[in-house]
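Derivation of every value follows stated rules applied to the coordinates shown; laboratory data play no part. All values reported here derive from a predicted model rather than from experimental measurement. FYI the Cβ positions are ideal-geometry reconstructions off the backbone, even for glycines, and counts take in every protein chain you see.
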Amino acid sequence: MLEINNLNVHYGVIHALKNITLKVDAGEIVTLIGANGAGKTTTLRTISGLIKATSGNILLEGKDLTVLPAPSRVELGISQVPEGRRIFPDMSVYENLELGAFLRKDKASIKKDIDEIFEQFPILGDRRKQMAGTLSGGEQQMLAIGRGLMSKPRILLLDEPSMGLAPLLVREIFNIIQEINRAGTTILLVEQNASMALSIAHRAYVIETGSIVLSGTGEELSKSSEIQKAYLGGE
Amino acid sequence: MDQFLQQIVNGVSLGSIYALIALGYTMIYGIIKLINFAHGDIYMIGAYIGFAVTTYTNLGFFPALIIAMTGCTVLGVIIEKVAYKPLRNSSRIAVLITAIGVSFFLEYTMMFFVGAEVRSYPSLFTKRAFNFGDIVINMQQIYIVLTAVALMILLQFIVHKTKTGKAMRAVSVDKDAAQLMGINVNTTISFTFAIGSAFAGAAGVLVGIYYNSIDPLMGMMPGLKAFVAAVFGGIGNIPGAMIGGLGIGIMETLVSGYGNSMYRDAAVFALLIIILIVKPTGLLGKNTREKV
């Protein structure tokens with residue numbers, strides 16, 4: 001589904017991503033784990049088009065996206081739920097979801113999809129008229145995910161969905177991610193919470209200072225001693 | 001008391017003109033964080049377009065208003081594309097200085113073509129006036145206020161009910177997140193300049209009617225005052241610009257009516273200083289807070 005080949009990104013003189021190569025197959029949950037500053041967010045932002053790659057390419061179902069602007073990538077089926085949620089605080093929950101469907105023209109089914117989101121996240125339904133900025137952290141994360149789904153993406157890019165949430169909520173969010181995946185959306189998940197991410201991922205990549213250093217199935221990596229030591233707090 | 005009410009009436013009509021200009025300032029600031037100092041000059045050009053239309057053709061007030069608004073829309077979009085868009089990733093001070101450059105460019109290009117002399121606006125309305133006790137409301141004031149109110153209602157509708165309006169709000173809060181929704185940021189910025197400039201054009205025609213005279217440098221002072229109005233209401237905030245504009249207009253007429261009209265400009269700028277000391281975010285501005 002999504003294929004990234006030898007991707008390089010520079011911020012001025014800093015070489016942020018070095019020859020990143022990874023792929024996500026249809027129906028998978030793939031996670032990219034790594035420490036702070038390793039290049040996880042940069043990878044996602046390059047895929048969604050917020051950052052320009054210096055070389056390499058990004059293919060979605062064989063179509064080259066590398067030079068397309070971000071809005072065109074949304075149209076082709078990439079949706080990113082950004083780090084820190086980035087919901088629109090001065091707009092209502094409902095309006096946020098509407099904006100998620102910005103490029104869609106099918107008014108009636110947008111309404112239907114919003115209702116489905118409210119079924120999946122009843123708390124958002126209760127607060128549909130409330131300003132999004134007044135929601136709690138967990139609710140905002142649900143809204144951000146719901147908003148990301150409104151464009152009917154082929155692949156959903158999730159950036160640190162567990163950030164700043166209480167452990168119980170983190171579990172809930174991860175359950176939701178699994179549900180979304182079972183319903184047919186492919187997922188690329190970036191996480192610092194490596195153990196949680198590995199527990200739901202089919203496959204995983206480990207990124208360190210801009211390079212992929214390890215890859216394997218979620219299970220393999222959670223057992224690897226290297227990973228245990230570096231990311232899971234084991235000895 | 002009657003004199004007070006009369007000054008309020010005058011102030012509201014002047015203030016609604018300031019409000020129209022302030023709206024453009026505030027929307028453009030909201031979306032690209034630029035104080036568009038050329039905005040007052042777009043308003044000046046709107047006044048000249050209105051002048052040309054009403055003087056050289058037989059068209060009346062409304063056609064003149066619409067032609068001036070259209071002309072300013074085109075001008076505003078071109079200025080954004082040519083002068084500001086190439087600087088999108090430059091420092092804010094570079095864009096600000098460019099805006100001042102554009103301002104001078106418009107003022108003196110206009111002076112080159114139409115001359116520096118003051119021209120008097122044709123009177124478009126009958127001299128009819130309505131008396132309410134000792135308060136006089138004339139036809140011009142009614143047209144000015146009604147036009148301004150209609151445009152502001154239209155703006156509220158665009159911003160809150162249309163897709164483009166929602167895109168404008170999204171881009172003004174978070175450009176990256178807006179792009180992730182599929183919103184084209186450049187188109188949205190152009191649209192904002194288009195609306196802001198159209199409003200400035202309308203204000204230009206209205207001020208020609210209000211003061212009866214126009215000249216190529218007429219945009220400077222009202223431009224600055226509308227900027228003060230936008231800051232007073234809370235820059236970036238649309239209802240704030242409306243309130244700020246009315247507030248400044250009323251304050252100016254009260255100062256002229258009760259004090260000395262020599263002081264009215266000073267009073268406006270004194271207000272700016274006070275606002276910046278007491279509540280820099282303006283009446284309706286809020287402190288940006290972040291939630292993690």
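With +1 on the Cβ of every Lys and Arg and -1 on the Cβ of every Asp and Glu, and nothing else charged, how large is the dipole of the protein assembly as shown about its Cα centre, in debye rounded to the nearest 20?
Dipole of the protein assembly as shown, to the nearest 20 debye: 500 debye.
Suppose R0 equals 41 Å; then what is the FRET efficiency for B:THR162 and A:GLU220 from their Cβ-Cβ distance, rounded to the nearest 0.05?
0.20
What's the magnitude of the charge dipole for the range B:2-278 around its Cα centre, counting Lys and Arg as +1 and Asp and Glu as -1 at the beta-carbon? Answer in Debye, nearest 20.
Using only the charged Cβ atoms, the result is roughly 740 debye.
Once the mean 1/r over all distinct Cα pairs of the protein assembly as shown is inverted, what Kirkwood radius in angstroms do you read off?
In the protein assembly as shown this quantity evaluates to 25.7 Å.
For chain B, state the semi-axes of the equivalent ellipsoid (square roots of 5 times the eigenvalues of the alpha-carbon gyration tensor), sorted largest first and rounded to whole angstrom.
30, 23, 18
Within the range B:232-266, what residues put their amide N at less than 15 Å from the label point 7 Å along the Cα-to-Cβ vector of B:PHE4?
Under cut-off, by backbone N: B:251, B:254-255, B:257-259.
To test your reading of the geometry: what angle, between 0 and 90 degrees and rounded to tens, separates the Cα axis of helix B:92-114 from the longest principal axis of chain B?
The angle comes out near 40 degrees.
Could you please report the charge total around A:ALA70, scoring K, R as +1 and D, E as -1 over all other residues with beta-carbon less than 11 angstrom from its beta-carbon?
+2
Relative to the first principal axis of the alpha-carbon coordinates of chain B, what is the inclination of helix B:163-173, with its axis defined by its Cα atoms, in degrees from 0 to 90 and to the nearest 10?
So the helix axis and the longest Cα principal axis differ by about 70 degrees.
When the gyration tensor of chain A is built from Cα positions, what are the square roots of 5 times its three eigenvalues, in whole Å, from largest to smallest?
28, 21, 16
From other protein chains only, count the Cβ atoms within 10 Å of every residue's Cβ in A:72-80, then give the mean.
2
Angle, helix B:185-211 long axis vs. longest principal axis of chain B, Cα atoms, 0 to 90°, nearest 10?
Relative to chain B, helix B:185-211 is tipped by roughly 10 degrees.
Of all DSSP beta bridges located in the protein assembly as shown, what percent are antiparallel, nearest 5?
Counting only bridges with both partners in the protein assembly as shown, antiparallel ones make up about 60 percent.
Antiparallel DSSP bridges in the range A:2-231: what percent, to the nearest 5?
Of the beta bridges lying entirely in the range A:2-231, close to 55 percent run antiparallel.
Where the centre of each part is set by its Cα atoms, how far does the range B:135-198 sit from the range A:136-154, in angstrom?
Here the two parts' Cα centres lie 27 Å apart.
How many nm is it between the label spots at B:ALA129 and B:LEU154, if each spot is 7 Å from the Cα in line with the beta carbon?
3.0 nm
How would you order B:13-22, A:147-156 from highest to lowest mean count of nearby Cβ atoms within 10 Å?
B:13-22, A:147-156
Using every alpha carbon pair in the range A:1-59, what percent of pairs falls into each 10 Å bin from 0 up to the bin containing the largest distance?
23, 58, 18, 1
Given points 7 Å out from each Cα along the Cα-Cβ axis, report the B:ASN260 to A:SER55 separation in nanometres with one decimal.
7.3 nm
Would you mind ranking B:MET168, B:MET44 by Cβ crowding within 10 Å, fewest neighbours first?
B:MET168, B:MET44
Which trypsin sites (Lys or Arg not before Pro) in the range B:115-144 pass both tests, a DSSP loop state and at most 15 other beta-carbon atoms within 10 Å?
The qualifying sites are B:LYS127, B:ARG128.
Whole angstrom only: what separates the Cα centroid of the range B:2-33 from the Cα centroid of the range B:52-66?
The range B:2-33 and the range B:52-66 have Cα centres spaced 24 Å from each other.
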